[in-house]
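*Asks:* Quick one: structure below, then a few questions.
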Amino acid sequence: GAVVSQHPSRVICKSGTSVKIECRSLDFQATTMFWYRQFPKKSLMLMATSNEGSKATYEQGVEKDKFLINHASLTLSTLTVTSAHPEDSSFYICSARAGRGLARPSTDTQYFGPGTRLTVL
Amino acid sequence: GQQLNQSPQSMFIQEGEDVSMNCTSSSIFNTWLWYKQEPGEGPVLLIALYKAGELTSNGRLTAQFGITRKDSFLNISASIPSDVGIYFCAGQEIQGAQKLVFGQGTRLTINP
C-alpha cells in the first residue's frame, strides 16, 4: 500500500517550452501533496505544498509563476515548469500524505514518488 | 531553510559490518522518519518513529527517537551490498502542513 507514481520518469525538452509532471497516489487519498527538487548529491529541497482544491503554498525563493501547481483531486497533483531553461534541469520528486482515517504508518506519513528527471537543452 | 544535522555524510564499509548514523536538530519534532534513496529513484520510507524514546526495528534496521525529541539514530546490522544508497533522516513539523525537514543524507558504500 501507499504507492505514489510520477509521470514522466524522464523528460528532455528545449529551452522555452513548458513541461508538466504528474503525481498520483495510487491506493490512497492524499489530502496534501508536496513537490521537491533535488540537485546531484544534495538533499531534497521543498518547493511547495499543495492541498486538494486550494492554491499551493510556495517556499521562499520559489517562483509560483514559474512552477505552476494544480491539485485537482485527492489522487492527482501536477507541476508545470513554464518556459523551462537549462537551470531548471533537476530531479523533481513529489510526495503524498494520506488523509486521516488510515492506520499508522500510513496516516500523516509522506510517501514519495519515483521522481522525474528533467533535462532542458 | 531549516535543516537537520546528519552525520556522517559518507561511509565506506566492508560487507558484514554494522552501520550507525544519526541526526540532530535544534527543534523538537513529533515524528522522525528514515528514508533510503537509490540513484534515480525517490526516497523509500524505512522506519517511522512517533514517540520520544521509541525504538523500532525493520529487519536489520533499528532506529530510535531521542528522549529530547531532537535527535534520532539509525543502525544497520550485518550490511549487505543492497544496503548501498543514501539514507536521509527527516523530522516532521508539528504545526501547519507538517512539512518534512531533511538531513543532508548519509551516502553508504559497501566493499564486498
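*Asks:* List the strands (runs of 3 or more DSSP E) inside the range A:1-97, counting only whole elements, that have at least 3 residues being closer than 18 Å to B:Gly96 by Cβ, within 14 Å of chain B (Cβ to nearest Cβ) and open to solvent by less than 30 Å² (accessible area, probe 1.4 Å).
*Replies:* Counting at least 3 such residues, we get A:30-38, A:44-51.
*Asks:* Can you name the strands (runs of 3 or more DSSP E) wholly within the range B:7-112 that have at least 1 residues being within 14 Å of another protein chain (Cβ to nearest Cβ) and not charged (D, E, K, R)?
*Replies:* By residue number, B:10-14, B:19-24, B:31-37, B:44-49, B:55-58, B:61-65, B:85-92, B:100-102, B:106-111.
*Asks:* Is it the case, given these coordinates, that B:Leu33 is open to solvent by less than 50 Å² (accessible area, probe 1.4 Å), among the aliphatic types (A, V, I, L, M) and closer than 17 Å to A:Ser43 by Cα?
*Replies:* Criteria met by B:Leu33.
*Asks:* Oh, and also: Right, B:Gly42: open to solvent by 10 Å² or more (accessible area, probe 1.4 Å) and in contact with a Phe, Trp or Tyr (Cβ under 8 Å, 6 or more places away or on another chain) or not?
*Replies:* No.
The values are calculated or read from the model by the stated rules, or taken from the named source; none is laboratory data. Remember, it's a predicted structure, so these values are computed and weren't measured experimentally. Glycine gets a Cβ as well: all are built from the backbone with ideal geometry, and neighbour counts include every protein chain shown. For the accessible areas, the whole protein counts, side chains as well, though only heavy atoms, and no ligand, DNA or RNA atoms are used. Shrake-Rupley method; radii C 1.70, N 1.55, O 1.52, S 1.80 Å.
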